[in-house]
Amino acid sequence: MDWRDIVGFEGLYQVSDCGLVRNRQGKILKPRLDKDGYNKAALSKNTKYYYRLIHRLMLEAFVGPAPEGKPCGCHNDDNVSNNTIQNLRWDSHTGNMRQAVVRGTHSCMNQRKLFDNDLIAVKHAHRLGVGAKAVAAYFGVHESTIYRHFRNSTL
C-alpha cells in the first residue's frame, strides 16, 4: 500500500492508494458518508475541522492538482464507494456525464416520456382498476409518473 501526504495537511494526515486516511500516529480514520454517498474524512488543523472528499484527496496526492477545465474528481466505474486510485480521474462535469451515458449508468438513462397515445392507455388502465405499479412496469416509467397521471383530472 502506498501512502502520500494529504495536500494542505502535510505531516498531519496521509491517504493511501486504496482510499484509507490515517493521522500522523498511524490511526486509520473512519470515513463518513455525505448526502450523495461519497466518503469524506474529517481532518483537523489548528483546532478547526475540515471535511474533505476522499477521492479528491487521493487525486491531489497521487495525480496532482485538477488540470485546467477538469475540476471534477470522477470514478471510472461510477461506483462512488470504489476509491482505488486506478478507478479515479480528473475530468469535466460534461466528460463525466458523457462517460455515464456511454456506460448506461446516468440517472436519466432509464427515464421514458409518455406520449398522448400512452396517456390514453394509462387512463383506460386506471378505469379498469389496473394498479399504478403494473402500468408503470408496462410503460417502463417510474410508478410516481403513473400516479401523477392517475390524479390528473384531464385524463
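The values are calculated or read from the model by the stated rules, or taken from the named source; none is laboratory data. This structure is a prediction, so every number in the text was calculated from the model and none was measured. Here the Cβ is made from the backbone with ideal geometry for all residues, glycine too, and neighbour counts use every protein chain on show.
Contact map, region 1-21: first residue without any contact (Cβ under 8 Å) to a residue 60 or more places away in the chain, second residue β-branched (Val, Ile, Thr) and part of a loop (DSSP other than H, G, I, E, B), Cβ cut-off under 9 Å, separation 6 or more or different chains; pairs are 12/6; 13/6; 14/6; 15/6; 21/6. Just one residue in the set 93, 106, 55 is under 28 Å from residue 31 (Cβ atoms) and modelled with pLDDT under 80; that residue is 106. For residue 7, the conditions (1) hydrophobic (A, V, I, L, M, F, W, C); (2) loosely packed, with under 11 Cβ neighbours inside 10 Å; (3) touching a helix residue (DSSP H, G or I) at 6+ places or on another chain (Cβ under 6 Å) are fulfilled apart from (2). Tell me which residues, restricted to region 25-47, are loosely packed, with under 11 Cβ neighbours inside 10 Å and in contact (Cβ under 8 Å) with a residue 12 or more places away in the chain. Residues satisfying the conditions are 36, 37.
The conditions of being surrounded by 12 or more Cβ atoms within 10 Å (Cβ to Cβ) and under 30 Å from residue 142 (Cα atoms) are not met by residue 87. Scanning region 10-24 for residues that are polar (S, T, N, Q) and either in contact with a Cys (Cβ under 7 Å, 6 or more places away or on another chain) or crowded, with 18+ Cβ neighbours inside 10 Å (or both) yields 14, 16.
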